[in-house]
Each structure stands twice: as C-alpha cells, then as structure tokens.
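Presented below is the structure to which this report refers.
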Amino acid sequence: MRRVLLATLMAALPAAAMAADAEHVVEARKGYFSLVALEFGPLAAMAKGEMPYDAAAAKAHASDLVTLTKYDPSDLYAPGTSADDVKGTAAKAAIWQDAAGFQAKGMAFFEAVAALEPAAGAGQKELAAAVGKVGGTCKSCHDDFRVKR
C-alpha cells in the first residue's frame, strides 16, 4: 500500500511542478507588462494633454520602453500559460495556435516603440502621433490575443 501511495505521489509531482512553473511564468509576464504600462502611461497622458508635456520626462520614458523591447519575452509565453490553463491571465490560447501572427504583432510593437523614442522629445504633437501608433499595436494584439475582461 505504501508503495502505491508513494508511486502516486511521485507521479503527481511533475504535474504540480508544471502548474507552479506556469503560474510563475504568468506572474513574470504580468510583471513585464506592468513595466511597459508604467513607462507608457505618462507618455499617453502627455499625448492626450492630461498632464503637461515634458520633453525630458517623455524621452526618459520612451528610452525605458526601448530598453524593455530589447528583452526577449519568449520565455513569458511558455505553452500551458493561457487563460484556459492558468487563472489570473488574459492570454488567449490563440497565441500558441497562431505563433507567427502573435510574433508579427510583437514586432510591430517593437518597431513603433523604436519610432517613439526620437518623437518623444520633439514636441507634444510629435509625441501624440507616435503614442497613437504604439497604442494601435497594443490594441491590435489585445483584440486578437487577449481575453476581453
């Protein structure tokens, strides 16, 4: 009987470890996007006129966003970490079903952020146009690959 219980426990450990790993991946993914939001939020507020335009601050936030795009986020999208698999995430399974489409949207975001950096310090009007492009890439990805809340 002890052997059966021990064998059952040993068989269950990899599944429990995988669930813990999936939760950790989701937590890291949410952390990454929290950083993106932290940097993008003030830029969007300046672009909309909700806060005064500050060229130095805009350049700093844009530079930080560029730094975040240099990180390879592929580890944050491990299979088994969609909203179908793990609570607390809005990632659709479509990410893994259409990996090429998801990667294309990620590249569009990275390119828009690269264009945002020089525009950030060039004036509120230039910032607003560049922020609109970045925001458009976010919306496009969310529309296809994020569960609506």
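The values are calculated or read from the model by the stated rules, or taken from the named source; none is laboratory data. None of the values given here were measured: they were computed from a predicted structure. We place every Cβ from the backbone using ideal geometry, glycine too, and count neighbours over all the protein chains shown. Just so you know, the surface numbers come from the protein's heavy atoms only, side chains and all, with ligands and any DNA or RNA stripped out. Shrake-Rupley method; radii C 1.70, N 1.55, O 1.52, S 1.80 Å.
Here the Karplus curve 6.51 cos²θ - 1.76 cosθ + 1.60, taken at θ = phi - 60°, turns the phi angles of segment 112-127 into couplings of 5, 5, 4, 6, 5, 4, x, 6, 4, x, 8, x, 4, 5, 5, 4 Hz, with x standing for Gly and Pro.
Considering only 128, 55, 95, and ranking their Cα positions along the charge dipole of the chain that arises from unit charges at the beta-carbon of Lys, Arg, Asp and Glu, the one farthest toward the positive end is 95. Derived scalar couplings between HN and Hα for segment 38-48 equal 4, 7, 7, x, x, 5, 5, 5, 5, 4, 7 Hz in order, rounded to whole Hz, by the Karplus curve 6.51 cos²θ - 1.76 cosθ + 1.60 (θ = phi - 60°), x for Gly and Pro. Please list, ordered by chain and number, the residues whose modelled amide H lies under 5 Å from the amide H of residue 146; skip anything fewer than 5 residues away on the same chain. Here the answer is 92, since their amide H atoms fall under 5 Å of that of residue 146. Heavy atoms of the protein chains alone define the surface here; on that basis the chain has 62 Å² accessible area per residue at 1.4 Å probe size. Going by the alpha-carbon gyration tensor, a ≥ b ≥ c the square roots of its eigenvalues, is segment 37-94 rounded (a/c under 1.5) or, if a/c is not under 1.5, prolate (a/b greater than b/c) versus oblate? It comes out oblate by the Cα gyration axes. Each principal axis of the Cα cloud of the chain was taken in turn, and the coordinate range along them, longest first, works out to 74, 27, 27 Å.
Give the carbon-plus-sulfur fraction of the accessible surface of the chain in %, rounded to a whole number; probe 1.4 Å, heavy atoms of protein chains only. Write down the numbers at each step before the final one.
Working: 5750 of 9200 Å².
That fraction is 63 percent.
Straight-line reach from residue 87: which aspartates and glutamates have Cα under 16 Å away, leaving out those fewer than 8 places along the same chain? Here the aspartates and glutamates satisfying the reach criterion relative to residue 87 are 21, 23, 27.
Dipole magnitude for the chain: computed about the Cα centre from +1 point charges on Lys and Arg Cβ and -1 point charges on Asp and Glu Cβ, it is near 400 debye.
Hey, which of these cross-link pairs are over 23 Å Cα-Cα: 125/148; 48/139; 59/133; 105/125?
125/148; 105/125
Which value in Å is the Kirkwood Rh of segment 89-149 over different Cα pairs? Working shown, then result.
Working: mean 1/r = 0.0809 Å⁻¹.
Radius from the Kirkwood sum: 12.4 Å.
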